[in-house]
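Working notes, beginning with the structure itself.
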Amino acid sequence: MKVHNFGAGPCILPPSVFQQAAQAVLDLDHSGLSILEISHRSAAFDAILAETKALVKELLGVPEGYHILFLQGGASLQFSMVPMNLLPEHGMAAYLDTGVWSTKAIQEAKLFGQVHVVASSADQNYSYIPKSFKVPSDAAYLHITTNNTIYGTEMFQLPEVTVPLVADMSSDIFSMQINVADFDLIYAGAQKNMGPAGATLVIIKDELLGKAGRKLPSMLDFAVHAKNDSLYNTPPVFAIYASMLNLRWLKEQGGVPAMEALNKRKAEVLYAEIDRNPLFRGNVATEDRSRMNITFTAIDSDTEKAFLSICKESGIHGIKGHRLSGGFRASMYNALPLESVEHLVEQMKAFEESR
Ligand SMILES: Cc1ncc(COP(=O)(O)O)c(C=O)c1O
């Protein structure tokens, strides 16, 4: 039976990426060596790192004046690294609270300075994106989470700010076109649209480097990683290699604009069925509905249980909602084909007919 992977992450990658990565574990480009045993100081890895960086630059249109870094520690370490590097000891940073990941980022930032939460959607279980708020002009930066993986909301409009804009794009990077110049720092754990877990992408404006104003451990200092071109220590060689393969695939598909068109189509197909089918309900504000993580509930818990078991029987994997939001969550990252979404919709229709 074909398995349709709607998991939230680590998530589906294209089959061709799995095949090439598997081959490279056995023998990297006929070198007689595995990708798992080559030196990170070798010419082979230099080429891999350079190509991965070039692909990020090309696919996202990263302008001059930014560094592209591949770090470790997941997006969660960025919750600390960002304030450590950008929030002066007696300064203040502004945060928009749109869900669990924002809350965690806020919690870490409080260890390093004052935090001003400009708005929060906690009052309605994070089912919408707050849109009218003021950002103090003396904030060191405004931090946003562009896609809320757990609650299923996404920001389609950026706040207008005069302070540096920092974005956690872990679950929607490479899924839609962005203007990198609108941001001063972007970070993302790789394990959604970039590659396997283990690497974290950071795109940082050069002028933010070395601005900490406090002593930092080398491994937590963006300036150290930038100066050493992500090779200050042993980087996550395999995760970067597999990310390169995935970004090559993305380019072959037509790049981010093609992905955006496909992601829009996939989301339309599923939301249309959620809205039509009397057994299901969408649970976030329509204008903020995520294209990456589609959250919905069944009309009651028996219906939910029954549909979950149908999903299991029909090869639909990873659709149970996060424990905090319940119901269902269909994660539809770049590599998930439209056919998988159509398969899910067919099961929802058949389920309705059977009740
Ligand atoms: C938006 C967002 N930010 C941060 C994280 C945490 O990422 P990591 O597990 O790489 O630390 C996640 C994980 O799912 C996420 O979805």
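For this structure, a couple of remarks:
- Segment 77-133, residues that are of a type in the set (S, T, Y), closer than 22 Å to I204 by Cα and not in a helix (DSSP H, G or I): Y95
- Qualifying residue in segment 187-195 (condition: more than 26 Å from I38 (Cα to Cα) and touching a helix residue (DSSP H, G or I) at 6+ places or on another chain (Cβ under 9 Å)): yes
- Segment 113-152, subset away from the ligand (no atom under 13 Å from the Cβ) and under 21 Å from A188 (Cα atoms), residue farthest from the chain's Cα centre (by Cα): A140
- Residue-level analysis places A285 outside the set of residues that are in contact with a Lys or Arg (Cβ under 7 Å, 6 or more places away or on another chain), of a type in the set (G, A, S) and in contact (Cβ under 8 Å) with a residue 60 or more places away in the chain.
- Among residues of segment 198-228 being small (G, A, S) and not in a helix (DSSP H, G or I), the one that is nearest to V62 (Cα to Cα) is A199.
- Test: residue in segment 35-43 that is surrounded by fewer than 18 Cβ atoms within 10 Å (Cβ to Cβ), among the hydroxyl-bearing types (S, T, Y) and within 16 Å of the ligand (Cβ to nearest atom): no
- Taken over segment 315-327, the residue count meeting the criterion of being in contact (Cβ under 8 Å) with a residue 40 or more places away in the chain and under 28 Å from P15 (Cα atoms) is 6.
- Scan of segment 160-188 for residues that are touching a residue at least 40 places away in the same chain (Cβ under 8 Å), assigned to a loop (DSSP other than H, G, I, E, B) and surrounded by fewer than 19 Cβ atoms within 10 Å (Cβ to Cβ), ordered by number: V163, Q177, N179
- Boolean, E51 is surrounded by fewer than 18 Cβ atoms within 10 Å (Cβ to Cβ), touching a helix residue (DSSP H, G or I) at 6+ places or on another chain (Cβ under 6 Å) and not polar (S, T, N, Q): yes
- Residue tally, condition near the ligand (Cβ under 9 Å from one of its atoms) and β-branched (V, I, T), over segment 153-190: 0
- Residue within segment 237-245 that is surrounded by 17 or more Cβ atoms within 10 Å (Cβ to Cβ) and over 21 Å from the mean Cα position of the chain (by Cα) present: no
- Of the criteria (1) surrounded by fewer than 24 Cβ atoms within 10 Å (Cβ to Cβ); (2) at pLDDT 95 or above, which one E89 fails: (2)
- Any chance S137 is free of Cβ contacts under 8 Å to residues at least 24 places away in the same chain, farther than 19 Å from M292 by Cβ, among the small types (G, A, S) and not in a strand (DSSP E or B): no
- Search result, residues across segment 29-71 that are assigned to a helix (DSSP H, G or I), among the aliphatic types (A, V, I, L, M) and free of Cβ contacts under 8 Å to residues at least 60 places away in the same chain: A43, A44, A47, A50, A54
- Of all the residues in segment 305-336, those that are over 17 Å from N293 (Cβ atoms) and assigned to a loop (DSSP other than H, G, I, E, B) number 2.
The values are calculated or read from the model by the stated rules, or taken from the named source; none is laboratory data. Quick caveat: nothing in here was measured; it's all calculated off a predicted structure. Every residue, glycine as well, gets a Cβ built from its backbone with ideal geometry; the counts of neighbours run over all protein chains shown.
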